[in-house]
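A.B. asks: Quick one: this structure, given as structure tokens, is what I'll be asking you about.
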Amino acid sequence: MGFWVGLALGVAVGVALIVGFARSENSRAARRRQLAATVASFSKMTIEDSRKLLPSDLYPSWVVFSSQQKLKWLNQELIKIWPYVSQAASELIKASVEPVLEQYRPVIIASLKFSKLTLGTVAPQFTGVSIVENKDSGIIMELEMNWDANPSIILDIKTRLGVALPIQVKDIGFTGVFRLIFKPLVEELPCFGAVCFSLRKKKKLDFRLKVIGGEISAIPGISDALEDTIKNAIEDSITWPVRKVIPIIPGDYSDLELKPVGTLEIKLVQARDLTNKDLIGKSDPFAIVYVRPLPDKMKRSKTINNDLNPIWNEHFEFIVEDADTQSVTVKIYDDDGIQESELIGCAQVRLKDLQPGKVKDVWLKLVKDLEIQRDRKDRGQVHLELLYYPFDMKEEAPNPFRQQFSMTSLERTMTSMENGSGSTSFDRLSSRKKKEIIVRGVLSVTVISGEDLPAMDMNGKSDPYVVLSLKKTKTKYKTRVVNESLNPIWNQTFDFVVEDGLHDMLMLEVYDHDTFSRDYMGRCILTLTKVLLEEDYKESFNLEGAKSGKLNLHLKWSPQSIMRDSREEDSLRFRSVQ
């Protein structure tokens, strides 16, 4: 009897425990759901919602809600510490900018140094703050700044004639964006090892130069030369991608310093439909190409006289320090001889829009000002081929240097092919400046057909034929005439012996045949870059200078690369391709 009573009590207690545990779990689950809902509600709260919970006077003074309040607080704090910041920044600027001033010193000046440099009593005003997404372990902050300064900057200048001039830099007006990089992040206060600062974007920089006790205009050429020197010094010393590294915690921060990350190869092919800047005749265009606007880093093309559709086909190479933010800029000018050249138009390509290791062929519309893109005036177009190749590109990645050819880095390709290896480094190539890579071979061009050619005859038809030529070798071929057709079919193949594939161009001009004359219909101009890379391809090309029409072509390349010393005579002849 006692056994059965004990058994009944045990079962009852067990059931009670189970029921109690189940209810406890249900209650905890309900509380978790309620907490999750509360957290979700808080996450959706706006600034106005949070202000309804607590009045603003209950918050600490450093807690602000809007971006304008944040900037106001930041500017107030900067005003308080500006006397100390001004002193430290003055010493830093003098130490970093003065050597660069000497580097860009005009020829007419014997020495150029600061005799006094203080940033004055007026603190800059921050007008914007943003955090830039950073893949590396660090924090990037950008501060937009407006500064109408009252500094005391005096330059001690000595001319070649022995005249000493104390020149004051006055009325500085500056608007720009400064970038601060806090990196690397560490586990000890202040939680970052170093700070890098740089002028990310210079929107406006105005200043005035004045000779103390005189007028600078009394000395011709000094004012313009000094202005250019100061602007170049700022560009070369603190403008991004240049950055100044300030260690906070002792350590090695050499990885934060400015370093080349790759090379940019540019082929300036041609321009078309340029605006005429001359009253008599046509413009004499030339191009300035650069990644950083510094005198020793800018490349100038040759001048093409009296031509609104110039063909340059010139190669330039640039070092890239930051592919994510840098751009390549092309400016087309009209050469006016001894007078200042007049800008026709400019264009820009961001390097981050280029696929590493791949040639990009682009036509860019020219505008008057890169900052103001809403330019409806037709100023013409410029044709570029661009190749960005990072130094750290993996071997598995598509690499035109390891394949056949690539533009001026086509030359590096040729170097790697010549020595039987695809791993030729940039440094090794740079040491061979006396060498010239000659890309030679046979170019086979099949003119397949034409489509929608313009009608040149009274009957609404044309009698088209194509003249093919290489720009450098002057070799010419001509297709047969197809009578009364706007969609002719030729299917004719022509072979060109190419002496220098890197720098030659294929030109195809379409004419309408008449009994005693011929009418020009349009043309196609092709660099050999793509056929050197791919060796065999078919493509349709629009006729330039025509309202309609295109040519269908098939191009093949049979290469033979030769490397020779540039001092050899140009009379070295091409050895026949087997």
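A.B. asks: Taking N as the number of residues in segment 280-363, what is its Cα Rg relative to 2.2 N^0.38 Å?
C.D. replies: Output field value: 1.20.
A.B. asks: Once label points are set 7 Å from the Cα along Cα→Cβ at both T159 and I338, what is their separation, rounded to one decimal in nm?
C.D. replies: Taking the simple label geometry, T159 and I338 are separated by 2.1 nm.
A.B. asks: Next question, about the same structure. Once you order the gyration tensor axes a ≥ b ≥ c over the Cα atoms, which shape class does segment 338-381 get: rounded for a/c under 1.5, otherwise prolate or oblate by comparing a/b with b/c?
C.D. replies: Note, shape of segment 338-381 comes out prolate.
A.B. asks: Name the residue from Q348, V359, I311 whose Cα lies farthest towards the positive end of the charge dipole of segment 292-397, charges +1 on Cβ of Lys and Arg and -1 on Cβ of Asp and Glu.
C.D. replies: Most positive-ward Cα: Q348.
A.B. asks: From the square roots a ≥ b ≥ c of the eigenvalues of the alpha-carbon gyration tensor of segment 443-494, which class results: rounded (a/c under 1.5), prolate (a/b over b/c), or oblate?
C.D. replies: Note, shape of segment 443-494 comes out prolate.
A.B. asks: Still on this model: Peptides 223-236, 264-277: what's the order by average Cβ count within 10 Å, highest mean first?
C.D. replies: 264-277, 223-236
A.B. asks: For a bin width of 5 Å, list the pair-distance distribution of segment 97-159 built from all Cα-Cα distances, rounded to whole %.
C.D. replies: With 5 Å bins starting at 0, P(r) equals 4, 14, 14, 12, 12, 15, 14, 9, 5, 1.
A.B. asks: Tell me the carbon and sulfur percent of the accessible area for segment 250-358, rounded to whole percent, probe radius 1.4 Å.
C.D. replies: Result for segment 250-358: 45 percent of the exposed heavy-atom area is carbon or sulfur.
A.B. asks: Rounded to the nearest 0.05, what FRET efficiency do I131 and K547 have when you use their Cβ-Cβ distance and R0 = 51 Å?
C.D. replies: That pair, I131 with K547, gives E of 0.50.
A.B. asks: Test of understanding: what is the full-extension gain from T121 to K352, defined as 0.36 nm times their sequence separation minus their Cα-Cα distance?
C.D. replies: Roughly 79.1 nm would be gained on extension.
A.B. asks: Averaging over every viewing direction, what projected area does the convex hull of the Cα atoms of segment 205-358 cover, in nm²?
C.D. replies: Orientation-averaged projected area of the Cα hull: 13.9 nm².
A.B. asks: Running Debye on segment 184-294 with equal point scatterers at the Cα sites and no solvent, what base-10 log of I(q)/I(0) appears at q = 0.18 Å⁻¹?
C.D. replies: Debye output, listed in q order: -1.07.
A.B. asks: Same structure, new question: How much FRET efficiency would the formula 1/(1 + (r/R0)^6) give for A455 and L294, where r is the Cβ-Cβ distance and R0 is 45 Å, rounded to 0.05?
C.D. replies: So the FRET efficiency works out to roughly 0.30.
A.B. asks: Pop a pseudo-label 7 angstrom from the Cα along the beta-carbon direction at both R23 and Q76 and give the gap in nm to one decimal.
C.D. replies: 5.6 nm
A.B. asks: Could you tell me whether segment 240-308 comes out rounded, prolate or oblate from its Cα gyration tensor? Rule is a ≥ b ≥ c as square roots of the eigenvalues, rounded for a/c under 1.5, then prolate if a/b exceeds b/c, otherwise oblate.
C.D. replies: prolate
A.B. asks: Dipole magnitude of segment 143-183 about its Cα centre, charges +1 at Lys/Arg Cβ and -1 at Asp/Glu Cβ only, in debye to the nearest 20?
C.D. replies: 260 debye
A.B. asks: If you don't mind, another one. With charges set only on the Cβ (+1 for Lys and Arg, -1 for Asp and Glu), what does the dipole of segment 205-355 come to about its Cα centre, in debye to the nearest 20?
C.D. replies: 200 debye
A.B. asks: Follow-up. With a point put 7 Å past each Cα toward its Cβ, work out how far D206 is from L279 in nm, to one decimal.
C.D. replies: Going from the D206 label point to the L279 one covers 3.2 nm.
A.B. asks: Continuing with this model, one more query. Among the listed pairs K116/K170; K302/K478; K267/K331; K231/K352; K472/K556; K299/K476, which have their C-alpha atoms separated by more than 21 angstrom in this model?
C.D. replies: Beyond 21 Å between Cα atoms: K302/K478; K231/K352; K299/K476.
A.B. asks: At R0 = 60 Å, how high is the FRET efficiency between E188 and D307 if r is their beta carbon distance? Nearest 0.05 is fine.
C.D. replies: So the FRET efficiency works out to roughly 0.40.
A.B. asks: Here's something else I'd like to know. Roughly how big is segment 439-496's charge dipole about its Cα centre, with Cβ charges of +1 (Lys, Arg) and -1 (Asp, Glu), in debye to the nearest 20?
C.D. replies: It comes to approximately 560 debye.
A.B. asks: What is the distance in Å between the Cα centroid of segment 80-123 and that of segment 138-206?
C.D. replies: First find each Cα centre; the distance between them is then 9 Å.
A.B. asks: Full-extension gain between S485 and Q87, please, as 0.36 nm times their residue separation minus the C-alpha to C-alpha distance.
C.D. replies: The span from S485 to Q87 would gain 135.3 nm if fully extended.
A.B. asks: Something else about it: Calculate how large, on average over all directions, the projected area of the Cα convex hull of segment 101-215 is; give the answer in nm² to one decimal.
C.D. replies: For segment 101-215, the mean projected area of the Cα convex hull comes to 9.9 nm².
The values are calculated or read from the model by the stated rules, or taken from the named source; none is laboratory data. Note that the structure is predicted; figures quoted are calculated from it, not measured. Glycine gets a Cβ as well: all are built from the backbone with ideal geometry, and neighbour counts include every protein chain shown. In case anyone asks, the SASA skips ligands and DNA or RNA and just uses the protein heavy atoms, side chains included. Shrake-Rupley method; radii C 1.70, N 1.55, O 1.52, S 1.80 Å.
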